[in-house]
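Colleague: I have a structure I would like to understand better, so I am pasting it below and will then ask my questions one at a time.
The values are calculated or read from the model by the stated rules, or taken from the named source; none is laboratory data. Keep in mind it's a predicted model, so treat the numbers as computed, not measured. Here the Cβ positions follow ideal geometry from the backbone for every residue, glycine too, while neighbour counts run over all protein chains shown. To get the accessible areas, we keep the full protein, side chains included, count just its heavy atoms, and leave off ligands, DNA and RNA. Shrake-Rupley method; radii C 1.70, N 1.55, O 1.52, S 1.80 Å.
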Amino acid sequence: MDLNKRLLAIAVAALLFPQAANAVKTIIYTDHEALGGMRTQFLNDVFFPAVERESQGRLKIEPHWNGKISTSYRALQTVSKGATADMAIVVPEYSAQELPLHQIFKSFPVGPSADKQIAFFRRVYREVPAFQAELLRQNVVPVFIATGYPVAFFSTHEIKKLDDLKETKWRTASFWHQDFLRNAGATPVTMPWGDGIYKALADGRLDGLMVNVDSGYQLEIHEAAPHVLLSPELWLGHVYLVAMNKQTWDRLTKAEQQAIRRAALSSYKKLGGIMRAKMVTQISDMKKQGAQVRLVRHAEIMKWEKATRYQQVQATWVKEQQSKGLTEAGPVMARVSEIMKETMKAE
């Protein structure tokens, strides 16, 4: 069929089936967390409406919260298949085998926060193609990069300085942080999440938790471990990728894809401010509930960074990955480290 005939056929179809030309495309989204936290509320109240607005109503997000479709550890596989969900929140830490390069983000003990953190991640995905390629190999396309809060130290006893972590026992879920604690003279403890955490804090088997401040706040860790050390500089590097099934993305028109990109850009401009405001609220609430919250000084954080010997930990990880055939590990780690240094200099 030549071009003129094809255009005529499209015009006739639009006249006979006008509803098809303006059909709403519903995108099924799955999230392991319940609606109500900062991130989930932001996606629901800011990003999803922006997608609908920018697409002039052609795209509608149908969210399913609290793991109704998929758990956190199955999210990547779920969206990769695209059978039950078109889009999902993917946490790289929960898919370390499939997304090894994404583990690099959590390998820094100090980093930017809020707007600077968002800018850091956006720059990395823009300038280091290996990350996009790693996701494409899993048949997903990232459409929005949500980030997390800094790490905090929730302790059962007062910590006057981070040097006081020596000879104390800490629970953390990150293998990077386990090495950081070990190098700083503390003992990392592997323990599944649950009521046993609170019991261990009460009976002395644990001295504290090294966890993102918002999780500690939401789970009320400060009631069992009321001495809290935190700082915007205490980097966690947690990424929450809003990822779409590759075939679903490819079926969208160019205009619809561009609408999602515009929605992401407008949402990024609001995210940093909201994160800062929510963190202030969390700190205020914990203080009202009796927690002793202390903001760690910059000089103290620099000592912590040195004590973790993080560059040595990174080098060991790179060698392990290269022995498994991941030849990109070294160059990608080096480039991300450069971007991190440049970001921190601009702070």
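Colleague: Based on this model, can you work out whether Ala291 counts as buried (at least 18 other Cβ atoms within 10 Å of the Cβ) and more than 24 Å from the chain's Cα centre (by Cα)? Please lay out each step first, then the result.
Modeller: Values: buried (at least 18 other Cβ atoms within 10 Å of the Cβ): yes; more than 24 Å from the chain's Cα centre (by Cα): yes.
Judged against the criteria, Ala291 is a match.
Yes/no matrix, rows are residues, columns are (1) without any contact (Cβ under 8 Å) to a residue 24 or more places away in the chain; (2) part of a loop (DSSP other than H, G, I, E, B); (3) of a type in the set (Ser, Thr, Tyr):
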site: Gly185; (1), (2), (3): no, yes, no
site: Val211; (1), (2), (3): no, no, no
site: His222; (1), (2), (3): no, no, no
site: Pro232; (1), (2), (3): no, yes, no
site: Thr248; (1), (2), (3): no, no, yes
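Colleague: Something else about it: Scan the stretch 254-283 for residues that are hydroxyl-bearing (Ser, Thr, Tyr), open to solvent by less than 60 Å² (accessible area, probe 1.4 Å) and either under 22 Å from Pro150 (Cα atoms) or not in a helix (DSSP H, G or I) (or both) and report the count.
Modeller: Residues flagged as hydroxyl-bearing (Ser, Thr, Tyr), open to solvent by less than 60 Å² (accessible area, probe 1.4 Å) and either under 22 Å from Pro150 (Cα atoms) or not in a helix (DSSP H, G or I) (or both) within the stretch 254-283 amount to 2.
Colleague: Test Val313 against the criterion of being assigned to a strand (DSSP E or B) and touching a residue at least 60 places away in the same chain (Cβ under 8 Å), and give yes or no.
Modeller: no
Colleague: I would also like to ask the following. Got a number for residues in the stretch 126-167 being of a type in the set (Asp, Glu) and in a helix (DSSP H, G or I)? If you could, list the steps in order and put the result at the bottom.
Modeller: Step one: filter the stretch 126-167 for residues of a type in the set (Asp, Glu), giving 127, 134, 158, 163-164, 167.
Going one step further and asking which of them are in a helix (DSSP H, G or I), we end up with 127, 134, 163-164.
Qualifying residue count, the stretch 126-167: 4.
Colleague: I need a count of the residues in the stretch 57-113 that are hydrophobic (A, V, I, L, M, F, W, C) and under 18 Å from Leu43 (Cβ atoms).
Modeller: Selection size over the stretch 57-113: 13.
Colleague: Limited to the stretch 24-45, what total is found for residues that are hydrophobic (A, V, I, L, M, F, W, C), surrounded by 18 or more Cβ atoms within 10 Å (Cβ to Cβ) and at pLDDT 95 or above? Steps first, please.
Modeller: We begin by selecting, within the stretch 24-45, every residue hydrophobic (A, V, I, L, M, F, W, C); these are 24, 27-28, 34-35, 38, 42-43.
Retained after the next criterion (residues that are surrounded by 18 or more Cβ atoms within 10 Å (Cβ to Cβ)): 27-28, 38, 42-43.
With the extra rule that they be at pLDDT 95 or above, the set shrinks to 27-28, 42-43.
Count: 4.
Colleague: Continuing with the same structure: Taking Met344, is it closer than 19 Å to Leu236 by Cβ and crowded, with 19+ Cβ neighbours inside 10 Å? Let's see the steps before the verdict.
Modeller: Values: closer than 19 Å to Leu236 by Cβ: yes; crowded, with 19+ Cβ neighbours inside 10 Å: no.
Answer is no for this residue.
Colleague: Additional query: Among the residues of the stretch 212-221, write down those that are within 21 Å of Ala277 (Cβ to Cβ) and either β-branched (Val, Ile, Thr) or touching an Asp or Glu at 6+ places or on another chain (Cβ under 9 Å) (or both).
Modeller: If the condition is that a residue be within 21 Å of Ala277 (Cβ to Cβ) and either β-branched (Val, Ile, Thr) or touching an Asp or Glu at 6+ places or on another chain (Cβ under 9 Å) (or both), then Val213, Tyr217 are the ones that fit.
Colleague: If you scan the stretch 43-95, which residues turn out to be under 29 Å from Ser174 (Cα atoms), among the hydrophobic types (A, V, I, L, M, F, W, C) and outside any loop (DSSP other than H, G, I, E, B)?
Modeller: Leu43, Phe47, Ala75, Leu76, Val79, Met87, Ala88, Ile89, Val90
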